Amino acid sequence: MIRLFLTFLLLVSIAFGGECRISDVVWNGDHEMADEADAANLVGMPCEGLNGPVWKNTSRKIQERYENGGFLAASLVGELLENPADSSEATNTAVLLLELNRGSAWVWGPAENMDSTGTKPEVFRKLTGMEVGSYVSPRDLERANYKLARVGYFEEVGKPRMYRDAYRNRIIPVFNMRAAAMSEAEALLTYSSETDLWEGNVNVSLYNILGTARDLQLEGYTAADSRRLEGSYKEPWIFGSAWNVIARGYFDEDSSTREAYGEVGISRDIGFDFSIGVFVGIGDNEKTSSLELTYTSLDRFALPRSGTKFYGLASWNFSRPDSLDHYLKVRGSLVRYVPVYANWITRFSGAAGGIFAPDADLDRQDLFALGGMNDFRGMDYRFLRSRAYGYTEFALLWQDGYDLSIEGFYMPGLYRAPRPDHGWKREQEYGLAFTQYRKNWSVNFYYALRNGESYLDGIVGVGVKTLF
């Protein structure tokens, strides 16, 4: 009754006095320091602002923090009280009393799926990245759904939902994912009119083998005087842990060098977007240890429309049998998709790499092999070797759902010229790319030019891919 009477007096003073503003915020009940920091911006706000956007945004921010910490029923109530320290007749001030009711805490139960994924239930639960027994977070449910959509194993047919366990304070996350045809076989043929060189590339990728999240990838490349074969295999969650075992390697041969290399390592996901890996490797004339970091927040696996992807690798190369040289090899890449309007999308990307060994005597195969669809598109595949490079790319894309993508790209860059040349060389590349999907088949085409070449001297690439 006393509080109601003080509130009535406050309203009367507002009606017959000057403008009322909030002079202080007082908390009642349990709360955290972060709540006080968020509510500090309410000081000085007009009293009638409790119906305005500042109050709504602040209260929503505080409630969402608790909701994403397991307290799904959290609520915040604000009440204005007369400021007993205010004796001014010209202005009125009020104290804002905030009361937080957290309610009961909830934890995640085992994830379920409403559709048929062709994946074992325990494998599906691990792929979500949601830990049974951890505090419920609606934000994590959304992030897990994005993760399942972009891993490529499934296609989303409905939004995820939360269901309450009838007997315990548990929430069951339920997804609507259907098995997707994600394994692929692809053949790509390119021709450079400038060098009169034909190149062929074949890629076979088996994903989620027998619904176990095991992946196997093989890729082969051949040209007139060079060939390359590489592959990788992932064995997930060894001994029931969160770690995966990855084995990968390659065999590379051209007119002057021949090299075989293999490495094995462990990797794991960190949260929903990051993954980290540690590897050791051995080649014909080197031993390496590597650290790999990946961040992926793309919205989907095929033809992404928004999100970011980052990849970084640092590799320490030990001395070869005939040398005491050691060197650090670092490379990284970043891709960012930004929707513009309707079907229009922009892609910003960049990459850089360097070998840090000022006095080391490097062999040709130690250098970065540049050229092809993965870096400098206007060059033939593995066109040159360099100890340092960097480029940026801007692309404008038009996408029609999952069926069609047309893009124009421009890519300026630099690379360290190989011997006998010295210094940095500029590179500018540009072109067009086209991808058309028809059910489980796709055809892609690209045309790329470099450094002011004649429009008839570019690289033409035509590829065909099937999903199964």
Handout entry: Between 0 and 90°, nearest 10: helix 138-150 axis offset from the chain longest Cα axis
Key = 20 degrees
Problem - At 1.306 mPa s and 10 °C, Stokes D of the range 349-468 from Kirkwood alpha-carbon radius, µm² per second - result: 100 µm²/s
Exercise for the section: Beyond 18 Å, what share of the Cα-Cα pairs of the range 203-325 is found? Please give it as a whole percent. Expected result: 65 percent
Practice task
Work out how far the C-alpha atoms of the range 109-240 reach from end to end along every principal axis, then list the three figures in whole Å, largest first.
Solution key: 71, 32, 23
Fill in the blank from the handout: Taking only protein heavy atoms and a 1.4 Å probe, the highest-to-lowest accessible-area order of Thr195, Thr93 is Thr195, Thr93
Completion exercise
Residue-normalised value, i.e. accessible area per residue, for the range 143-208 at 1.4 Å probe, in Å², stands at 51 Å²
Handout entry: Whole-number Å³ per residue for the convex hull built on Cα positions in the range 285-436
Key = 117 Å³
Fill in the blank from the handout: With label points set 7 Å from each Cα along the Cα-to-Cβ direction at Ser256 and Glu194, the distance between them in nm comes to 1.9 nm
Practice task
Enter the accessible area of His31 (Å², nearest 10), with the probe set to 1.4 Å and all protein chains included.
Solution key: 70 Å²
Completion exercise
Once normalised by the length of the range 194-234, the mean sequence separation of its alpha carbon contacts under 8 Å that are 6 or more apart gives a contact order in percent of 36 percent
Handout entry: Å² per residue, accessible surface of the range 370-460 at 1.4 Å
Key = 54 Å²
Problem - Acute angle (nearest 10 degrees) that the helix 2-16 long axis makes with the longest principal axis of the chain, alpha-carbon atoms - result: 90 degrees
Completion exercise
Cα-Cα pairs in the chain separated by more than 34 Å, as a whole percent of all pairs, come to 51 percent
Fill in the blank from the handout: With +1 at each Lys and Arg Cβ and -1 at each Asp and Glu Cβ, the charge dipole magnitude of the chain around its Cα centre, to the nearest 20 debye, comes out at 900 debye
Handout entry: the chain: angle of helix 53-67 to the longest principal axis, Cα-based, in degrees nearest 10
Key = 70 degrees
Exercise for the section: Return the distance in nm (one decimal) between the two label points of a simple spin-label model at Arg164 and Leu432, each offset 7 Å from Cα along Cα→Cβ. Expected result: 5.9 nm
Exercise for the section: At 0.36 nm per residue, minus the direct Cα-Cα distance, what do Ala242 and Asp299 gain on full extension? Give it in nm, one decimal, please. Expected result: 18.2 nm
Problem - Computed over the range 32-72, the ratio Rg/Rh where both radii use C-alpha atoms and Rh is Kirkwood - result: 1.02
Exercise for the section: Compute the label zone of Ala185 within the range 426-440: residues whose backbone N is under 18 Å from the point 7 Å along Cα-to-Cβ. Expected result: 438-440
Completion exercise
Placing each pseudo-label 7 Å from Cα in the direction of the beta carbon, Val26 and Glu131 end up separated by a distance in nanometres of 4.1 nm
Problem - Net charge dipole size for the range 328-426 [Lys, Arg +1 and Asp, Glu -1 on Cβ; Debye, nearest 20] - result: 300 debye
Practice task
Over the chain, with every protein chain in place, what whole percent of the accessible area is carbon and sulfur at 1.4 Å, could you tell me?
Solution key: 58 percent
Completion exercise
From highest to lowest solvent-accessible area (probe 1.4 Å; ligands, DNA and RNA excluded), Met114, Met379, Met162 read Met114, Met162, Met379
Exercise for the section: Could you give the C-alpha radius of gyration of the range 141-209 expressed as a fraction of 2.2 N^0.38 Å, taking N as the number of residues it contains? Expected result: 1.91
Fill in the blank from the handout: FRET efficiency for Asp363 and Leu210 from the Cβ-Cβ distance with R0 = 51 Å, rounded to 0.05, comes out at 0.75
Practice task
Give the residue from Val460, Leu449, Trp424 lying farthest towards the positive end of the charge dipole for the range 385-468; charges sit on Cβ (+1 for Lys and Arg, -1 for Asp and Glu) and the dipole is referred to the Cα centre.
Solution key: Trp424
Problem - Computed [θ] at 222 nm, deg cm²/dmol, the chain (DSSP H ≥ 4; -39,500 (n - 2.57); rounded to nearest 500) - result: -4000 deg cm²/dmol
Completion exercise
Scan of the chain for GluC sites (Glu not before Pro) in DSSP loops with at most 12 other beta-carbon atoms within 10 Å gives a longest site-free stretch of 90-468
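The values are calculated or read from the model by the stated rules, or taken from the named source; none is laboratory data. Please read these numbers as outputs of a predicted model, since none were measured by experiment. For neighbour counting, all protein chains shown are included, and Cβ atoms are generated from backbone atoms with ideal geometry for every residue, glycine included. Heavy atoms of the whole protein, side chains included, go into the accessibility calculation; ligands, DNA and RNA do not. Shrake-Rupley method; radii C 1.70, N 1.55, O 1.52, S 1.80 Å.
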